[in-house]
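The values are calculated or read from the model by the stated rules, or taken from the named source; none is laboratory data. Since we're looking at a predicted model, the values are computed, not measured. Quick reminder, even Gly has a Cβ in these numbers, built from the backbone with ideal geometry, and neighbours come from all protein chains shown.
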Amino acid sequence: MTTEVKRSMRVAGRVREELSLLLRNLSDPRIVGVLITRVEASDDLSFLRVFVRCDQGADALRQKALLKGLEAASGRLRRDVTRSVGLRVAPQLRFMYDEGIDAQLRVEELLHEIARERSGDSS
């Protein structure tokens, strides 16, 4: 069972690399500046959860447009990834916006703000 988990992790890493390359060749303006942050694969490799974000951050409308653009291209991406990675079965791709990095940046911003306020209070 551990070999399956390791294999799914290896395949997920390879899929992340391939998708990053494939996305550069797409001309859909909705997916300009997309970054793949991570890919999670099911143990049987039939399902891939692809976490993405915009290189400049994004509001809710931009996130929605990005996900719609990726969904529109998912058939082509699925076919190309299956071929390039050498999988027997084409996995389902589900794109999700990765809000973790945006949340992390916001927390860091708040911590810096608190630190500035504290240093200003002691003056």
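V81 - would you say it is in contact with an Asp or Glu (Cβ under 6 Å, 6 or more places away or on another chain), among the aliphatic types (A, V, I, L, M) and surrounded by 12 or more Cβ atoms within 10 Å (Cβ to Cβ)? Yes.
For the range 105-122, does any single residue satisfy the condition of being in contact with a Phe, Trp or Tyr (Cβ under 7 Å, 6 or more places away or on another chain) and not in a loop (DSSP other than H, G, I, E, B)? Looking through the range 105-122, none of the residues is in contact with a Phe, Trp or Tyr (Cβ under 7 Å, 6 or more places away or on another chain) and not in a loop (DSSP other than H, G, I, E, B). If you go through the range 2-48 and pick out every residue that is of a type in the set (K, R) and buried (at least 16 other Cβ atoms within 10 Å of the Cβ), you end up with 3. The set of residues in the range 84-104 being assigned to a helix (DSSP H, G or I) and loosely packed, with under 11 Cβ neighbours inside 10 Å consists of A103, Q104.
Would you confirm, using the coordinates I've provided, whether R79 is over 18 Å from the mean Cα position of the chain (by Cα), under 12 Å from L19 (Cα atoms) and assigned to a helix (DSSP H, G or I)? Criteria met by R79.
Across the range 69-123, the qualifying residues are those that are of a type in the set (V, I, T) and at pLDDT below 95, and the one among them that is farthest from L35 (Cα to Cα) is I114. In the range 35-43, is there at least one residue being assigned to a loop (DSSP other than H, G, I, E, B), more than 16 Å from E17 (Cβ to Cβ), in contact with a strand residue (DSSP E or B) (Cβ under 9 Å, 6 or more places away or on another chain) and not charged (D, E, K, R)? Taking every residue of the range 35-43 in turn, at least one turns out to be assigned to a loop (DSSP other than H, G, I, E, B), more than 16 Å from E17 (Cβ to Cβ), in contact with a strand residue (DSSP E or B) (Cβ under 9 Å, 6 or more places away or on another chain) and not charged (D, E, K, R).
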